[in-house]
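Data block below; observations after.
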Amino acid sequence: MPPNRPLILFWTRWFKKAVDLDAIPRCDFPVEWTNDRSRLAEAVAVIFHVPNFEEIADARKYPGQLWVAWSMESIVNYPVLADPAFMRHFDIVMTYETGSDVWSPYLPGAGWWDVVRHKPIPPKVERAPAVHFQSSSFNKSGRDKFIAELSQHIAVDCYGRYQPNRQIAGPDLGPQTKLETIGRYPFCLALENSIAPDYVTEKMFDPLAAGTVPVYLGAPNAAVFVPTAAISMLHPSARRRSSPPISVI
């Protein structure tokens with residue numbers, strides 16, 4: 001191991017799992033990553049996954065050490081991210097918000113759109129016009145009500161762990177199978193679990209990568225994150241509750 005190689009410690013888990021150190025992209029600057037809490041005093045930086053904030057209490061901050069608040073989850077679902085008393089413990093904030101010290105968006109890699117727009121559009125072979133993937137029960141955006149209302153008028157094939165009405169046919173190879181499934185439909189319901197500026201997740205990008213039109217409910221500034229214009233179509237019930245528009249991107 002090279003001498004004086006900075007040590008970065010993940011103190012908390014990522015939800016119920018230890019952070020997968022092998023999945024971290026290579027840095028231009030050589031560092032060492034660890035999940036070993038016994039090395040806390042050696043670490044130059046300590047990263048805390050904010051949704052697991054209950055695991056932070058027994059950490060001790062050493063002089064000169066940088067503490068990093070890390071989250072890709074919506075501030076609506078985890079309001080502790082907006083709590084000054086909690087956030088004052090951290091030197092660096094790393095989230096999806098563009099104003100973070102370290103911006104960590106859901107955007108695919110550089111040049112992704114050039115690749116996507118030159119791919120052939122898959123044939124739309126399913127009978128239902130729209131598809132939806134959902135595994136979380138989080139529903140701060142009102143997406144459950146939207147799907148229930150829409151399903152009274154058109155067929156929507158729903159996949160995932162949360163209230164599915166269709167199952168993946170054949171082996172499930174993860175992201176590849178998800179994109180192939182979405183690509184068989186003309187439209188994909190891209191419904192975020194909550195409404196917050198900058199919170200634009202794979203819900204938006206997966207349909208574009210699959211060659212399918214996303215019908216988007218989420219961040220009011222979502223159009224900033226995609227290379228096409230947004231056409232807003234405010235749902236009648238949304239007007240009554242002053243919700244953000246449903247948009248076809």
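Where a number appears in this text, it was derived from the coordinates with a stated rule and is not lab data. Please read all numbers here as calculations on a predicted model, not as lab measurements. Cβ placement follows ideal geometry from the backbone for every residue including glycine, while neighbour counts extend to all protein chains displayed.
In sequence order, what are the phi-derived ³J(HN,Hα) couplings for region 130-141 according to the Karplus relation 6.51 cos²θ - 1.76 cosθ + 1.60 with θ = phi - 60°, rounded to whole Hz, with x for glycine and proline?
9, 10, 9, 10, 7, 10, 9, 8, 4, 8, 6, 8
Quick check for me: using +1 on Lys/Arg Cβ and -1 on Asp/Glu Cβ, what's the dipole size of region 7-103 about its Cα centre, in debye to the nearest 20? Don't skip to the answer; put the middle values down first.
Numbers: 9 positive and 14 negative charges, 40 e Å.
The dipole of region 7-103 has a size of about 200 debye.
For region 1-143, what does the relative contact order come out to in percent, with C-alpha contacts under 8 Å and a separation of six or more? List each step's numbers first, then the result.
Details: 167 pairs, mean separation 24.1, N = 143.
In percent, rounded to a whole number, it is 17.
Return His132, His49 ranked ascending by Cβ neighbour count within 10 Å, so the fewest neighbours appear first. Intermediate values should be presented prior to the final figure.
Working: His132 29, His49 21.
So the ranking, lowest neighbour count to highest, is His49, His132.
Run through the DSSP bridge list for the chain and note the antiparallel percent, rounded to the nearest 5. Mind showing how you got there, number by number?
On the way: 6 of 34 bridges.
Within the chain, antiparallel bridges account for around 20 percent of the total.
Under 5 Å between amide H atoms, partner at least 5 residues away or on a different chain: which partners does Leu191 have, H built in plane at 1.01 Å?
Amide H neighbours of Leu191, under 5 Å, 5+ apart: Leu217.
Using just the helices of the chain, give the 222 nm mean residue ellipticity in deg cm²/dmol: DSSP H runs with n ≥ 4 each add -39,500 (n - 2.57), and the total is spread over all residues, rounded to 500. The partial results should precede the final answer.
Details: 6 runs with 41 residues, N = 249.
Helix-only estimate at 222 nm: -4000 deg cm²/dmol.
If you rank Ser104, Ser38 by fewest surrounding Cβ atoms within 10 Å, what's the result?
Values: Ser104 14, Ser38 8.
In order of increasing Cβ crowding within 10 Å: Ser38, Ser104.
For the chain, what is the number of Lys pairs with C-alpha distance below 21 angstrom, counting only pairs 8 or more positions apart or on separate chains? Write out the running numbers ahead of the final one.
On the way: Lys119/Lys178; Lys119/Lys203; Lys124/Lys178; Lys124/Lys203; Lys140/Lys203; Lys145/Lys203; Lys178/Lys203.
Counting lysine pairs in the chain gives 7.
So for Thr95, Thr201, Thr177, fewest C-beta neighbours within 10 Å to most, what's the order? Before the final figure, lay out each step's value.
Working: Thr95 24, Thr201 19, Thr177 15.
Going from least to most buried by this count: Thr177, Thr201, Thr95.
Per-residue HN-Hα couplings for region 67-84, Karplus 6.51 cos²θ - 1.76 cosθ + 1.60 at θ = phi - 60°, whole Hz, x for Gly and Pro?
9, 10, 8, 10, 7, 10, 8, 4, 5, 5, 7, 10, x, 4, 5, 9, 8, x
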